[in-house]
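A quick write-up on the structure given underneath.
The values are calculated or read from the model by the stated rules, or taken from the named source; none is laboratory data. Owing to the predicted nature of the structure, the values given are computational and were not obtained by experimental measurement. Ideal geometry is used to build each Cβ from the backbone, glycine not excepted, and the neighbour counts take in all protein chains shown. Accessible surface is based on the protein model in full, side chains and every heavy atom, while ligands, DNA and RNA are left aside. Shrake-Rupley method; radii C 1.70, N 1.55, O 1.52, S 1.80 Å.
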Amino acid sequence: MAPFETPTDLQNNRGPIADPGAFARDANAASWLYLCGEEFASMEGGMSYDDVRAAVPESENIVSDPPREMDMDLGRQHVAALDRLPRPTLVTCRGGPRSSAVIYLYAGLRSGATADQVLARAEADDALFTRSDELKAWVSQGLDELS
């Protein structure tokens, strides 16, 4: 099996997004998987799903932000959405950890990579989810259970 490579047709945020339209244009995004609920829109620096819909031709909203726990039901929903959405695709959460976990889980599943391969690549890429033991465990569990 070839080594697991950094996903190139999926991009996540690495912090708050100040201008959703510019973020989408800079990525030449065809679609967006948005992981935040509407409560984020009312927070300082937050944005709404309406902002996402205005920025790209296709989008989906699967609310996965705290205090919700990342579980395999959410993982299945993320994978199904990413299977439907055209590329290049943005995947974003409030700051980037959960969205990076979704991207690496998805790419790992689609490439047949092992959890060790995915986590090693993610560490080398400084993917934000690698700073969370909970999210690393979620990605590993997803690669095992959803393959």
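Filter region 132-146 down to residues that are surrounded by 15 or more Cβ atoms within 10 Å (Cβ to Cβ) and more than 14 Å from the chain's Cα centre (by Cα), then give me how many there are. Residues in region 132-146 being surrounded by 15 or more Cβ atoms within 10 Å (Cβ to Cβ) and more than 14 Å from the chain's Cα centre (by Cα): 5 in total. Please list, ordered by first then second residue, the pairs with beta carbon atoms under 6 Å, 6 or more apart or interchain, first in region 122-142 and closer than 14 Å to PRO7 by Cα, second open to solvent by 20 Å² or more (accessible area, probe 1.4 Å) and of a type in the set (Val, Ile, Thr). From region 122-142, the pairs are ASP125/THR6. Per this entry, ALA18 is counted among residues that are farther than 24 Å from THR114 by Cα and either open to solvent by 50 Å² or more (accessible area, probe 1.4 Å) or touching a His at 6+ places or on another chain (Cβ under 6 Å) (or both).
Within region 21-53, restricting attention to residues that are open to solvent by 80 Å² or more (accessible area, probe 1.4 Å) and assigned to a helix (DSSP H, G or I), the residue that is modelled with the lowest pLDDT is SER42.
The residues listed here are SER59, SER31; of these, the one that is touching a residue at least 40 places away in the same chain (Cβ under 8 Å) and farther than 26 Å from ALA115 by Cβ is SER31. Across region 64-80, the number of residues qualifying as surrounded by fewer than 20 Cβ atoms within 10 Å (Cβ to Cβ) and either modelled with pLDDT of 95 or more or among the acidic types (Asp, Glu) (or both) comes to 10. Looking only at region 65-87, which residues are under 16 Å from LEU146 (Cβ atoms), in contact with a Ser or Thr (Cβ under 9 Å, 6 or more places away or on another chain) and outside any helix (DSSP H, G or I)? The answer is MET70, and nothing else.
Taken over region 88-129, residues that are part of a helix (DSSP H, G or I) and hydroxyl-bearing (Ser, Thr, Tyr) amount to 5.
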